[in-house]
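Structure first, commentary second.
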Amino acid sequence: MNIWVIATLDTKYAEAGLIKERIDAAGHTPIVVDPGSHGIPGIKADITREEIALAGGESYASLLKRNEKAHSHDVMRDGLSTIITREYAADKIDAVIAVGGGQGTATATTAMQKLPFGIPKVMVSTVANGQTMFGPYVGTSDMTIIHSVADIAGLNFITSKIIAQAAAAVVAMAEAEIESVFDKPLIALTQAGVTTPGTMSIKRMLEEKGFDVVVFHCNGIGGQAMENFIREGVIKGVIDYSPHELIDLIGDGLMPALPGRMTAAGDMGIPQIVAPGCADMRLHDWSKIPDELGDRPYVRHTPTHTHFRTTYDELYKVGTYVAEHLNDGKGPRAVVVPRRGYSMMNREDMPLFDADANKGFPDALHDKLNEDVILFERDMHINDEEFASEVVDLFMQLWKNKLKEKKGSYAQS
């Protein structure tokens, strides 16, 4: 197997050399890649910095002459991303491991995010600690980041152990084989802690009907990862039970939806159900509460994260977002509304229950949803077993409609 080793070889050549040796010893082929933009490489690269610069749109000599660090970093980052995409398409990459500081981590992880799920991606980084924001580095990928503990500035008692373990990890990951037993249609389900009873009931029922189910957390990144898998054709149906990111997008909360949220299923034409799970609460940092929320009911979810009750107008905006996105889609689509509440905290006698505010969501749907999208309302709570059962029944109806569509006789129920 070809295992890429990404490192700026003017400063990280010793670490790259150790990784190369370990991969060689395991019987695989190390491909050393150097995205460095200055200095003299300490070891030979298989893919040189000159090649990477050209792939980024400029010669390496031009970068040296211009001598602007930020510009050089941009060119090398783009060049590495271009090359890794091209070489993976040519079936020349089985795994990737990189070592780096701040800029090296940004360059390598940007490129590794271009690789699909299942290709091992290991980043040994000095920035994997403290309060560093990992979202830009990891994106929605299945990347592993290992803290280097000490600076990556040569091999010593500490760094040699970390680097050797990282090399062993990427080799083991590349060699791992999973028996192909997951041959059932894969259905995506979104969940939050406060919709877990409902989602787990749906998961159990779908599995009993012969489906495989993957659950995504409604933290912004989870929803976006789901969208990516849908576009790749991995996911065959969606029950978007807890699209909390929508209200955080509208209310500037901590976990907002990313661009493209709630578009993939409609574009691909797969069966799709949307519910208002967790749309009844905005998530904010307890130390940075907006003034507008001062008088609202709230629940401290963690020492830092706090759920604030949403208003009728905010839920109307969520319903509008859902309606507009489903209207633009194709395939069997439905929205389900549990009138007795959208989360654990939004149930009668619970802190965030507000029946009048809840009406904002269905009111928007009645005003804006197209006739070809099913609107399904029940006098139940989102976590009720009975509601989950009816949602599964509805999904099976949409699933059968999709099968009819494939046979050329689709008819909306």
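The values are calculated or read from the model by the stated rules, or taken from the named source; none is laboratory data. As the structure is a prediction and not an experimental result, all values here were calculated from the model. So basically every Cβ, Gly included, is an ideal-geometry build from the backbone, and we count neighbours across all protein chains shown. The accessibility values were calculated without ligands, DNA or RNA, using every heavy atom of the protein model including side chains. Shrake-Rupley method; radii C 1.70, N 1.55, O 1.52, S 1.80 Å.
Under 1.5 on a/c is rounded, so check that first for the chain, then, if it is not, pick prolate when a/b is larger than b/c and oblate when it is not; a ≥ b ≥ c are the square roots of the alpha carbon gyration tensor eigenvalues. It comes out prolate by the Cα gyration axes. Kindly express, to the nearest 10 degrees and within the range 0 to 90, the angle between helix 196-208's C-alpha long axis and the longest C-alpha principal axis of the chain. On a 0 to 90 degree scale, this one is about 80. Couplings 3J(HN,Hα) for segment 108-121, derived from phi with the Karplus relation 6.51 cos²θ - 1.76 cosθ + 1.60 (θ = phi - 60°), are 5, 6, 4, 5, 5, 5, 6, 7, x, 3, x, 7, x, 9 Hz, where x marks Gly and Pro. Each 5 Å bin from zero holds the following percent of Cα-Cα pairs in segment 1-138: 2, 11, 21, 24, 22, 13, 6, 1, 0. Using θ = phi - 60° in the Karplus curve 6.51 cos²θ - 1.76 cosθ + 1.60, the 3J(HN,Hα) couplings for segment 53-68 round to 4, 4, 5, x, x, 8, 6, 5, 4, 5, 4, 4, 5, 5, 6, 10 Hz; x is entered for Gly and Pro. Overall, segment 264-393 carries a charge dipole of about 360 debye about its Cα centre when +1 sits on the Cβ of Lys and Arg and -1 on the Cβ of Asp and Glu, all other atoms neutral.
For q values of 0.12, 0.20 Å⁻¹, compute log₁₀ I(q)/I(0) with the Debye formula on a Cα-only model of segment 187-339, without solvent. Normalising to I(0) and taking log10 leaves -0.49, -1.26. Residues whose amide H lies under 5 Å from that of VAL124, counting only those 5 or more places away or on a different chain, are ALA98, VAL99, GLY100, ILE146; hydrogens are built 1.01 Å from N in the peptide plane. Could you give me D for segment 114-216, from Stokes-Einstein at 37 °C and 0.692 mPa s, where the hydrodynamic radius is the Kirkwood radius over C-alpha pairs? Units µm² s⁻¹, please. My calculation gives 193 µm²/s for D. Using the Cα centre as the reference, give the magnitude of the dipole from point charges on the C-beta atoms of the chain (Lys, Arg: +1; Asp, Glu: -1; all else neutral), rounded to the nearest 20 debye. Around 700 debye, computed over the chain. Run down the aspartates and glutamates and flag those whose C-alpha is under 17 Å from the C-alpha of LYS114, throwing out any fewer than 8 positions away in its chain. Those aspartates and glutamates meeting the cut-off are ASP74, ASP78, GLU87, ASP91, ASP94, ASP142, GLU227, GLU232. For segment 181-247, which GluC sites (Glu not before Pro) are both in a DSSP coil and crowded by at most 15 other Cβ atoms within 10 Å? Answer by residue number: GLU232.
Explain nothing, just the number: relative contact order of segment 81-220, from Cα pairs under 8 Å at least 6 residues apart, as a whole percent.
Working: 174 pairs, mean separation 26.5, N = 140.
So the answer I get is 19 percent.
DSSP beta bridges confined to segment 184-304 are antiparallel in about 0 percent of cases. Relative to the dominant Cα principal axis of the chain, helix 385-406 is inclined by about 70°. Scanning residues 5 or more positions from VAL335 or on other chains, those with amide H under 5 Å from its amide H are VAL274, ILE374, LEU375, PHE376, with H placed 1.01 Å from N in the peptide plane.
Placing LYS402, LYS203 in order of accessible area, with the largest value first and a 1.4 Å probe, yields LYS203, LYS402.
Before anything else, pin down the relative contact order of the chain: Cα pairs under 8 Å, at least 6 apart, normalised by residue count, whole percent. Computed value for the chain: 11 percent relative contact order. Pairs from the table (LYS69/LYS92; LYS209/LYS236; LYS236/LYS317) lying more than 19 angstrom apart at Cα are LYS69/LYS92; LYS236/LYS317. Around the amide H of GLY220, modelled in the peptide plane, lie the amide H atoms of GLU245, all under 5 Å away and 5 or more residues distant in sequence or on another chain. Seen against the Cα atoms of the chain and their longest principal axis, helix 312-327 is set at about 70 degrees. Counted over the chain, the DSSP beta bridges are approximately 20% antiparallel. Across segment 229-386, C-alpha contacts under 8 Å between residues 6 or more apart give a mean separation that, scaled by the residue count, equals a relative contact order of 24 percent.
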